[in-house]
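The values are calculated or read from the model by the stated rules, or taken from the named source; none is laboratory data. Remember, predicted model here, so these are calculated numbers, not experimental data. Please note: Cβ atoms are built from the backbone with ideal geometry, for glycine as well, and neighbour counts cover all protein chains shown.
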Amino acid sequence: MKRTFSVLAILLIVMAGCAQRKIVAPTEQQPSSSMRQSSERNANNSTPENVTEQKPAKITSEELPSGGKELPTKLQDVLFDFDSYELRGDAKPILGSLSKYLMKNGSEKVLITGNCDERGTSEYNLALGDRRAKAAKDYLLSLGVQASRITTLSYGKEKQVCSEHKESCWAKNRRDHFVLLKH
């Protein structure tokens with residue numbers, strides 16, 4: 001009887017150790033395990049693909065906030081490091097130019113779209129794209145642009161400008177894209 005109880009206790013402990021574990025969302029500082037696994041899979045993928053770089057994706061009219069009209073401009077994208085939403089040093093002059101432009105053109109607004117590379121889950125990349133767009137918005141606000149003139153939107157990994165599976169291409173997709181709107 002005592003032996004049966006001991007065997008049952010050990011069996012319960014072993015089964016509890018094998019129970020399905022709950023997945024916890026990654027912190028902002030560390031890449032998720034799914035991103036690391038995806039990176040490893042892409043690095044190990046030896047099948048060559050004949051893919052060329054694409055032009056930046058256009059925003060469709062149904063994606064524009066409150067029926068605004070996209071203005072033709074050549075605004076430079078702000079790029080980000082892997083798994084980061086911290087503005088780099090090269091982003092601040094770009095955002096400074098944008099803020100000066102917006103201050104001179106009071107009827108125009110800006111849509112900031114946050115984008116990510118293909119690695120990681122859709123949910124993770126949507127959240128990271130949102131944080132990237134908000135980082136640019138916060139910087140524009142610190143330069144005096146009114147919050148009512150800035151809208152943010154995250155596309156995650158859905159609007160790629162380069163579709164090759166290599167770091168030089170992924171670096172181009174980790175970006176904030178700016179669309180000027182006239183109301």
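Of all residues in region 111-120, those satisfying the criterion of being more than 9 Å from Gly156 (Cα to Cα) and either modelled with pLDDT under 95 or charged (D, E, K, R) (or both) are Arg119, Gly120. Within region 149-161, track down each residue that is part of a loop (DSSP other than H, G, I, E, B), surrounded by fewer than 20 Cβ atoms within 10 Å (Cβ to Cβ) and not charged (D, E, K, R). Result: Val161, single match. Against the condition farther than 20 Å from Glu123 by Cα, assigned to a helix (DSSP H, G or I) and in contact with a Phe, Trp or Tyr (Cβ under 9 Å, 6 or more places away or on another chain), how does Ala136 come out, does it pass? When the stated conditions are applied, Ala136 passes them.
If the condition is being closer than 20 Å to Lys182 by Cβ, crowded, with 19+ Cβ neighbours inside 10 Å and touching a residue at least 60 places away in the same chain (Cβ under 8 Å), then region 92-125 contributes Leu98, Lys109, Val110, Leu111, Ile112, Thr113.
Considering only residues that are small (Gly, Ala, Ser) and crowded, with 21+ Cβ neighbours inside 10 Å, look in region 131-147 and name the one that is farthest from Leu181 (Cα to Cα).
Just the residues of region 131-147 that are small (Gly, Ala, Ser), to begin with: 133, 135-136, 142, 144, 147.
Adding the requirement that they be crowded, with 21+ Cβ neighbours inside 10 Å leaves 133, 135-136.
Numbers: Ala133: 16, Ala135: 20, Ala136: 17 Å.
If we take residues in region 131-147 being small (Gly, Ala, Ser) and crowded, with 21+ Cβ neighbours inside 10 Å, then Ala135 is farthest from Leu181 (Cα to Cα).
The set of residues in region 162-183 that are over 25 Å from Thr151 (Cα atoms), among the small types (Gly, Ala, Ser) and either touching a residue at least 60 places away in the same chain (Cβ under 8 Å) or buried (at least 21 other Cβ atoms within 10 Å of the Cβ) (or both) contains only Ser163.
Has region 112-121 got at least one residue that is touching a strand residue (DSSP E or B) at 6+ places or on another chain (Cβ under 6 Å) and among the hydroxyl-bearing types (Ser, Thr, Tyr)? Please lay out each step first, then the result.
The initial filter retains those residues of region 112-121 that are touching a strand residue (DSSP E or B) at 6+ places or on another chain (Cβ under 6 Å), namely 112-116.
Restricting the remaining residues to those that are among the hydroxyl-bearing types (Ser, Thr, Tyr) gives 113.
Yes, the conditions are met somewhere in region 112-121.
Here is a check on your reading of the model: is Leu128 without any contact (Cβ under 8 Å) to a residue 60 or more places away in the chain, crowded, with 18+ Cβ neighbours inside 10 Å and out of contact with any Leu (no Cβ under 8 Å at 6 or more places or on another chain)? It is true that Leu128 is without any contact (Cβ under 8 Å) to a residue 60 or more places away in the chain, crowded, with 18+ Cβ neighbours inside 10 Å and out of contact with any Leu (no Cβ under 8 Å at 6 or more places or on another chain). Which ones in region 149-161 are in contact (Cβ under 8 Å) with a residue 60 or more places away in the chain and not hydroxyl-bearing (Ser, Thr, Tyr)? Correct list: Leu153, Lys159, Gln160, Val161.
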